[in-house]
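The values are calculated or read from the model by the stated rules, or taken from the named source; none is laboratory data. All of these numbers come straight from a predicted model, not from anything done at the bench. Note: ideal-geometry Cβ built from the backbone for every residue, glycine included; neighbour counts use all protein chains shown. Heavy atoms of the whole protein, side chains included, go into the accessibility calculation; ligands, DNA and RNA do not. Shrake-Rupley method; radii C 1.70, N 1.55, O 1.52, S 1.80 Å.
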Amino acid sequence: VVCRDGCIKAVGQADVIRNQFSGATFEKIIDCSGKCVLPGLVDAHTHPVWAGDRVHEFAMKLAGASYMEIHQAGGGIHFTVEHTRKATEEELFNTFKHRLERMRKAGSTLVECKSGYGLNLETELKMLRVIERAKQSMDIGISSTYCGAHSVPKGKTATEAADDIINNHLPKLKELELSGEIHVNNIDVFCEKGVFDLESTRRILQAGKDMGLQINFHGDELHPMKSAELGAELGARAISHLEEVSDEGIKAMARAKCAAVLLPTTAYMLRLKQPQARKMLEEGVIVALGSDFNPNAYCFSMPMVMHLACVNMKMSMNEALAAATINAAYALGKSDTHGSIETGKQGDLVIINSSRWEHLIYQFGGHEALIGYVIVKGKVIYQNERCGTMSSY
């Protein structure tokens with residue numbers, strides 16, 4: 001039972017609920033006989049605001065070019081930056097809205113959304129305004145992330161870029177936050193060899209933390225950088241990627257209750273070694289999942305991410321579901337309101353056309369016929385008319 005305020009009023013056996021609310025009237029009743037009701041999925045890492053796709057780079061990767069080779073040749077992030085700088089705010093909003101709608105249809109009800117394809121103050125703010133506009137106008141939860149340190153702008157060193165972010169970008173963000181124009185939740189830096197080194201990363205993250213932002217950054221992806229150790233030391237809420245994390249870094253994250261946001265799509269697309277999900281789980285790290293949706297990893301679907309996590313990272317289906325719901329909500333600082341079906345939490349739900357919830361993971365790429373309803377704050381935001389007439393088997 002979800003109340004008018006969008007929060008879950010009661011959870012329990014059908015007959016108990018019917019008796020408890022026998023005198024109540026409901027705007028909508030959904031018959032879930034033979035179906036499963038799950039928490040809305042949480043996508044803990046996306047880059048969904050950009051212009052200019054990179055389908056041509058997919059062909060380059062298939063031919064053997066590495067991520068950094070494409071990046072150094074002016075492709076990758078810099079290609080997207082060029083196109084995003086030229087795009088109008090309206091163009092960016094329209095494509096972003098369409099992407100969020102596709103994420104909703106795949107069961108995502110809370111999505112982390114990063115800036116980071118501007119690398120200058122003007123375009124970063126343009127991206128954050130687009131994210132803010134979607135927050136206000138769309139029925140989907142959004143956790144917004146300032147990721148101005150996604151790459152070092154052409155013509156600058158990492159130190160110069162860090163200085164610009166700390167002295168110019170962050171003060172402007174604080175000003176816009178105080179005026180109520182933009183609300184940012186997290187700060188992100190791409191801590192990587194040839195991008196932002198450990199010291200520059202530390203300075204930017206600390207400056208963001210000092211103005212009240214949660215630390216949630218890219219670390220230990222292509223090279224071991226000791227990002228996990230740094231994140232644990234700074235009190236980071238989450239670190240993403242971690243394909244090259246050290247054993248000491250895993251232990252430090254477990255002690256610090258710093259979530260690991262693992263991105264099986266990225267390891268799959270770039271043919272990287274898989275993150276050590278099993279070792280992290282055994283050491284007590286809070287493991288979350290994200291799609292890493294971006295021009296390099298074009299995936300909207302958390303059910304497909306969960307499937308890849310199970311097959312390639314050896315997670316169980318129970319672990320993958322927790323990683324895409326309650327743990328992903330924790331990585332965004334929202335596990336007290338999102339990520340599970342509990343009284344008092346927000347009524348974000350997914351109803352699937354199967355009596356066993358595991359079908360959401362088992363049916364690789366099958367979510368379009370499987371998901372019957374997606375609900376945010378008790379409101380049906382997506383109903384699949386085909387689902388009632390189709391067997392999920």
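Compare the peptides 132-145, 153-166, 240-253 by average per-residue count of other Cβ atoms within 10 angstrom and give them in order, highest first.
240-253, 132-145, 153-166
Report the label-to-label distance for residue 172 and residue 316 in nanometres (one decimal), using points 7 Å from each Cα along the Cα→Cβ vector.
Each label point lies 7 Å from its Cα, and together they span 4.9 nm.
Which peptide among 4-11, 352-359 comes first, and what is the full order, when sorted by highest mean count of other Cβ atoms within 10 Å?
For the peptides 4-11, 352-359, the packing ranking is 352-359, 4-11.
Would you kindly find the accessible area of residue 203, with a 1.4 Å probe and non-protein molecules such as ligands, DNA and RNA excluded, rounding to the nearest 10 Å²?
80 Å²
Place a +1 charge on the Cβ of each Lys and Arg in the chain and a -1 charge on the Cβ of each Asp and Glu, then give the dipole magnitude about the Cα centre in debye, rounded to the nearest 20.
Values: 43 positive and 47 negative charges, 157 e Å.
Dipole size: approximately 760 debye.
Using a Gaussian network model on the chain with a 10 Å cutoff between Cα atoms, which of 363, 13, 274 fluctuates the most?
Ranking 363, 13, 274 by mean-square fluctuation puts 13 first.
Just grab the label-to-label distance for residue 53 and residue 298, each label 7 Å out from Cα along the Cβ direction, in nm (one decimal).
Spacing of the two 7 Å Cα→Cβ label points: 0.3 nm.
Taking the dipole about the Cα centre of region 163-303, with the C-beta of Lys and Arg at +1 and of Asp and Glu at -1, give me whichever of 232, 198, 184 is farthest to the positive side.
Value computed over the given set: 232.
Let me see the P(r) profile for the chain: every Cα-Cα distance counted, bins of 20 Å, each bin given as a percent of all pairs.
Spelled out bin by bin, the chain gives 29, 58, 13, 0 percent.
From Cα pairs below 8 angstrom and at least 6 apart in sequence, can you work out the relative contact order of the chain, rounded to a whole percent?
Computed value for the chain: 21 percent relative contact order.
Among 29, 10, 245, which residue has its Cα positioned farthest towards the positive end of the charge dipole of the chain, with +1 placed on the Cβ of Lys and Arg, -1 on the Cβ of Asp and Glu, and the dipole taken about the Cα centre?
29
Leaving ligands, DNA and RNA out of it, report the carbon-plus-sulfur percent of the accessible area of region 41-332 at a 1.4 Å probe.
It is 51 percent, rounded to a whole number.
With a cut-off of 8 Å between alpha carbons and a minimum separation of six or more residues, what is the relative contact order of region 41-146 in percent? Don't skip to the answer; put the middle values down first.
Numbers: 132 pairs, mean separation 39.3, N = 106.
Reported as a whole number, the value is 37 percent.
Report the Cα centroid-to-centroid distance between region 352-387 and region 6-69 in angstrom, as an integer.
8 Å
Out of 325, 88, 265, any idea which swings most in a Gaussian network model of the chain, alpha carbons joined below 10 Å?
88
Given a 10 angstrom Cα cut-off, can you work out which residue in 204, 29, 371 is the most mobile in a GNM of the chain?
29
If you keep only loop residues by DSSP, which trypsin sites (Lys or Arg not before Pro) in region 273-314 have at most 14 other Cβ atoms within 10 Å of their Cβ?
273, 314
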